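Just so it is clear, none of the values below were taken in a lab; they were calculated from the coordinates. Values in this document were obtained by computation on a predicted structure and should not be read as measured data. All Cβ positions, even for glycine, are placed from backbone atoms using ideal geometry, and neighbour counts span all protein chains on display.
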Amino acid sequence: MADQIYFIQNAVGATLGVFDTWLLLRGIKTLGVRMTQSSTSAQKIAAYLDAHPKVLKVLYPGLLSHKGYDIHMSQAKNGGAVLSFDVGSQENARTVVEALDIPVFSVSLGAVETIISYPPKMSHAELDNDALANAGITPGLLRFSVGLEDADDLIADLDTALAQI
């Protein structure tokens, strides 16, 4: 079996290069503190968004109002660093994204910088409208992966952007 695995690794390049391995090892050393910071900020941002009148819904397992809160918190230390929120329409989502200064607009998650994405046209673009609706992905849904920036700076940026809709 080892020979077969080696053949596949060699044939398709399913192993990390030396530099990639070094980056992985370096990143693992600070992963805990980065996740603690991002998760603490995400909790604060989720609470802010949950109380905002222009936000229809916040999806974040760290909120008491989340339907999976009890199960999630029995298995995790916190709600994590990623949340989603619904601003009601594709037009509102575009307005918010264009008005934000801090987050990077990208499909990537888990970076040191905060990233915002628009799932209906990015990560879930292959789904038709019925499949999107069945998955709970609404036209106004934005995904927010919280990085290491100050939570109050991110909230101020979101507040300015949400004021545009």
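Residues in the range 107-153 that are more than 16 Å from SER89 (Cβ to Cβ) and aromatic (Phe, Trp, Tyr): 1 in all. Pairs are defined by a Cβ separation below 8 Å, a sequence spacing of at least 6 or placement on different chains, a first member in the range 6-18 that is of a type in the set (Val, Ile, Thr), and a second member that is in a helix (DSSP H, G or I) and surrounded by 10 or more Cβ atoms within 10 Å (Cβ to Cβ); the pairs so defined are THR15/GLN9.
Considering only the range 78-92, how many residues are surrounded by fewer than 17 Cβ atoms within 10 Å (Cβ to Cβ) and touching a helix residue (DSSP H, G or I) at 6+ places or on another chain (Cβ under 8 Å)? Steps first, answer last, please.
In the first step, residues of the range 78-92 are kept if they are surrounded by fewer than 17 Cβ atoms within 10 Å (Cβ to Cβ); the result is 78, 88-91.
When the remaining residues are screened for being touching a helix residue (DSSP H, G or I) at 6+ places or on another chain (Cβ under 8 Å), the result is 78.
Total meeting the criteria: 1.
Taking the range 37-58 as the search range and keeping residues that are within 21 Å of ALA111 (Cα to Cα) and in contact (Cβ under 8 Å) with a residue 40 or more places away in the chain, which one is surrounded by the most Cβ atoms within 10 Å (Cβ to Cβ)? Full working, then the answer.
Going through the range 37-58, the residues within 21 Å of ALA111 (Cα to Cα) turn out to be 37-46.
From the residues that got through so far, the ones that are in contact (Cβ under 8 Å) with a residue 40 or more places away in the chain too are 37-42, 44-45.
On the way: GLN37: 19, SER38: 24, SER39: 19, THR40: 16, SER41: 22, ALA42: 26, LYS44: 16, ILE45: 23.
The residue in question is ALA42.
Each row is one residue, and each column tells you yes or no for (1) in contact with a strand residue (DSSP E or B) (Cβ under 8 Å, 6 or more places away or on another chain); (2) over 16 Å from ALA42 (Cβ atoms).
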{"position": "LEU64", "(1), (2)": "no, no"}
{"position": "ASP70", "(1), (2)": "no, yes"}
{"position": "ALA81", "(1), (2)": "yes, no"}
{"position": "GLY88", "(1), (2)": "no, yes"}
{"position": "PRO103", "(1), (2)": "yes, no"}
{"position": "ILE115", "(1), (2)": "yes, no"}
{"position": "LEU142", "(1), (2)": "yes, no"}
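Scanning the range 68-116 for residues that are touching a Gly at 6+ places or on another chain (Cβ under 8 Å), in a loop (DSSP other than H, G, I, E, B), among the hydrophobic types (A, V, I, L, M, F, W, C) and free of Cβ contacts under 8 Å to residues at least 40 places away in the same chain turns up just one, ALA111.
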